[in-house]
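Visitor: I'd like to ask some things about the structure below.
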Amino acid sequence: MRELTSKISYLHGLVEGLDLETTTKEGRILTNIIDILDDMAESIKGLQDAQIELENYVETIDEDLYELEDDFYEEDDDEDEELEEDLDEEEEYVEVECPKCHDLVYFDSELLDDDDIVEISCPNCDEIVFKTEDNNNDED
Ligand SMILES: [Zn+2]
């Protein structure tokens, strides 16, 4: 681009040096052509500047997008972990040893949240291994 501008400047100097501008019709035509070249060079320079600006802008958007993607997938990972934690909580089991056969009996801790009286019996010998208190009686 700089090369093009200096070539046009050289032409300008040449025309002025030869004094073509005022003496001949051809000189006037040449001067006009060189002026048009000048305008074209200016236009091209403007386009190049706009192009560079656009490239920088796209680059900025690309970087922002990369950060967004990074955040998005990070958040996604966190959600997965939270989900796993929730599942862990839900699948919490209470371990009780059967007093009769000493088998270990597992039951869901959520059963204890129930208002009704819960009786857990040993699957091996049917002995009651766990029984919730009847809280309603205390209120009466
Ligand atoms: Zn048992």
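Visitor: May I ask you to verify whether Ile29 is part of a helix (DSSP H, G or I) and under 57 Å from the mean Cα position of the chain (by Cα)?
Guide: Judged against the criteria, Ile29 is not a match.
Visitor: So in segment 72-106, with the set limited to residues that are modelled with pLDDT of 85 or more, part of a strand (DSSP E or B) and not aliphatic (A, V, I, L, M), which one is nearest to the ligand (Cβ to nearest atom)?
Guide: Residue satisfying both the conditions and the ranking: Glu97.
Visitor: Restricting the first residue to segment 111-129 and requiring it to be without any contact (Cβ under 8 Å) to a residue 24 or more places away in the chain, which pairs with a second residue that is within 10 Å of the ligand (Cβ to nearest atom) and hydrophobic (A, V, I, L, M, F, W, C) meet a Cβ separation below 6 Å and a spacing of at least six or different chains?
Guide: Pairs found: Glu119/Ile128; Ser121/Ile128.
Visitor: Looking only at segment 107-122, filter to residues that are in a loop (DSSP other than H, G, I, E, B) and surrounded by 12 or more Cβ atoms within 10 Å (Cβ to Cβ); which one of those is farthest from the ligand (Cβ to nearest atom)?
Guide: Looking at residues that are in a loop (DSSP other than H, G, I, E, B) and surrounded by 12 or more Cβ atoms within 10 Å (Cβ to Cβ), I get Ile117.
Visitor: Here is a check on your reading of the model: is Glu63 assigned to a helix (DSSP H, G or I), among the acidic types (Asp, Glu) and modelled with pLDDT under 90?
Guide: No: the conditions fail for Glu63.
Visitor: To continue, here is another question. Cβ contacts < 8 Å: first residue assigned by TED's automatic domain parsing to the domain that holds Ile8 and at negative phi, restricted to segment 23-50; second residue of a type in the set (Val, Ile, Thr) and at pLDDT 85 or above, any location; separation 6+ or different chain. Result?
Guide: Ile34/Ile8; Leu37/Ile8; Asp38/Ile8; Ala41/Thr5; Ala41/Ile8; Lys45/Thr5
The values are calculated or read from the model by the stated rules, or taken from the named source; none is laboratory data. Since this is a predicted model, take the numbers as computed values, not measurements. Please note: Cβ atoms are built from the backbone with ideal geometry, for glycine as well, and neighbour counts cover all protein chains shown.
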